[in-house]
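The values are calculated or read from the model by the stated rules, or taken from the named source; none is laboratory data. Worth saying up front: this structure is predicted, and the values here are computed from it rather than measured. Neighbour counts are summed over all protein chains in view; Cβ atoms, including those assigned to glycine, are modelled from backbone coordinates with ideal geometry.
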Amino acid sequence: ALGRARWERYDPDRGAEEATKHELATAIPLALSRGEFVLDYQPMVTLPDPVVSGFEALVRWRHPQLGLLGPDRFIPLAEQTGHIVALGRWVLEQACAQARRWYDDFRDVPVMVSVNVAATQLREASFVADVLGALHDAGLPADRLQLELTESAVAGDTSCALAALSELAAAGVSLAIDDFGTGYSNLAHLGRLPVHTLKIDRSFLSPVRPGGPTDPAHDKIVAATISLAHSLGLDVAAEGVETPAQVEALRVLHCDSAQGFLFGAPASADDATTLLAHRIAT
Ligand code: C2E
Ligand code: CA
Ligand code: CA
Ligand code: CA
């Protein structure tokens, strides 16, 4: 079932959980052809005034037996099996098509769509062609698309990744480093990449204290990250913003944009469109 020239030892102790994982991983191509994946969209807002500037596309699987599955349940499996390449192409096509609808319906509002890219996708020889093809098929200007790459995806063997990223950046696509701070990237190295934005992982934000002030130690780390990023000419986006106190701290630190439940949880394309019609998230 896994394809030719492969074998696996039968392990009678392998738990039911492993079996389910395995079944999930191999079911991805069929699920794609059956249209079981959907994209939700989470608003990204500018700061200091929270105006909607775009949406991050986040994939979900409407599994006929298991119900709605979040990406953490199947993205790592899709990466291991290589199915992420086909799934990632589908995500890109869908997100670009949706961004094109927003482009048509809100001509005077620049709405970005941001798409997560796995390391495996970036290393695929067809990656640049896939992205440019998705933009072309949707009729979407390249400056409406942002790609989110993890630190590990752009670290290590960077020569081919760098060539791909340079080509996309030259075409007008925006590039962001996702979950910044959770990896071990060298900021000097990031500064040399054609990257535009650092998305600070939510674990660096001050912990949520309902009604209370933010934590000075966390604020210092965020402040240092923001000033370093700015000195390298990079924008900073804060992830996982949940409270007004966190936004206030980010405003003081000149953070460029934010995303989080405070401004809107991931929602259907229709709900995202409604939000866009109002523009101001809070
Ligand atoms: P991510 O890129 O860091 O995406 C943000 C995740 O944080 C989303 O979870 C979102 O629902 C959650 N989140 C947003 N705001 C808040 C907040 O204020 N508080 C808290 N506690 N959480 C918040 P989700 O949708 O479950 O996605 C999980 C991860 O799955 C993503 O993390 C991303 O790494 C991956 N992923 C999602 N869609 C795709 C995709 O199309 N391709 C690839 N390669 N990875 C994807
Ligand atoms: Ca992301
Ligand atoms: Ca992230
Ligand atoms: Ca994250």
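For the range 188-207, filtered to residues that are modelled with pLDDT of 90 or more and among the basic types (Lys, Arg), the residue that is farthest from ligand 1 (Cβ to nearest atom) is 199. Scanning the range 166-182 for residues that are touching a Leu at 6+ places or on another chain (Cβ under 9 Å), away from ligand 4 (no atom under 16 Å from the Cβ) and outside any loop (DSSP other than H, G, I, E, B) turns up 166, 167, 168, 169, 171, 174, 175. Filtering the range 89-104 to residues that are more than 16 Å from ligand 3 (Cβ to nearest atom), buried (at least 23 other Cβ atoms within 10 Å of the Cβ) and under 17 Å from residue 117 (Cβ atoms) leaves 92, 96, 99. Go through (1) surrounded by 19 or more Cβ atoms within 10 Å (Cβ to Cβ); (2) farther than 18 Å from residue 199 by Cβ one by one and return the number of the condition residue 108 breaks. All conditions pass for residue 108, except number (1). Scanning the range 48-68 for residues that are under 26 Å from residue 248 (Cβ atoms) and either assigned to a strand (DSSP E or B) or of a type in the set (Lys, Arg) (or both) gives 51, 52, 53, 54, 55, 56. Residues in the range 161-183 that are closer than 22 Å to residue 139 by Cβ and either at pLDDT below 95 or within 15 Å of the chain's Cα centre (by Cα) (or both) were compared, and the one that is farthest from ligand 3 (Cβ to nearest atom) is 173. Would you confirm whether or not the range 196-204 contains a residue that is within 16 Å of ligand 2 (Cβ to nearest atom), touching a residue at least 24 places away in the same chain (Cβ under 8 Å), aliphatic (A, V, I, L, M) and farther than 23 Å from residue 246 by Cβ? No, the range 196-204 contains no residue that is within 16 Å of ligand 2 (Cβ to nearest atom), touching a residue at least 24 places away in the same chain (Cβ under 8 Å), aliphatic (A, V, I, L, M) and farther than 23 Å from residue 246 by Cβ. When residue 86 is tested against (1) in a strand (DSSP E or B); (2) touching a Pro at 6+ places or on another chain (Cβ under 7 Å), exactly one condition is not met: (1). The single condition from (1) surrounded by fewer than 20 Cβ atoms within 10 Å (Cβ to Cβ); (2) within 12 Å of ligand 1 (Cβ to nearest atom) that residue 247 fails is (1). Annotation note: of 267, 272, 258, 238, the sole residue that is modelled with pLDDT of 95 or more, surrounded by 18 or more Cβ atoms within 10 Å (Cβ to Cβ) and either over 26 Å from residue 212 (Cα atoms) or not hydrophobic (A, V, I, L, M, F, W, C) (or both) is 272.
Every residue, every condition in (1) more than 17 Å from the chain's Cα centre (by Cα); (2) within 16 Å of ligand 3 (Cβ to nearest atom); (3) surrounded by 15 or more Cβ atoms within 10 Å (Cβ to Cβ); (4) within 16 Å of residue 91 (Cβ to Cβ), yes or no:
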| site | (1), (2), (3), (4) |
| --- | --- |
| 136 | yes, no, no, no |
| 198 | no, yes, yes, no |
| 202 | no, yes, yes, no |
| 205 | yes, yes, yes, no |
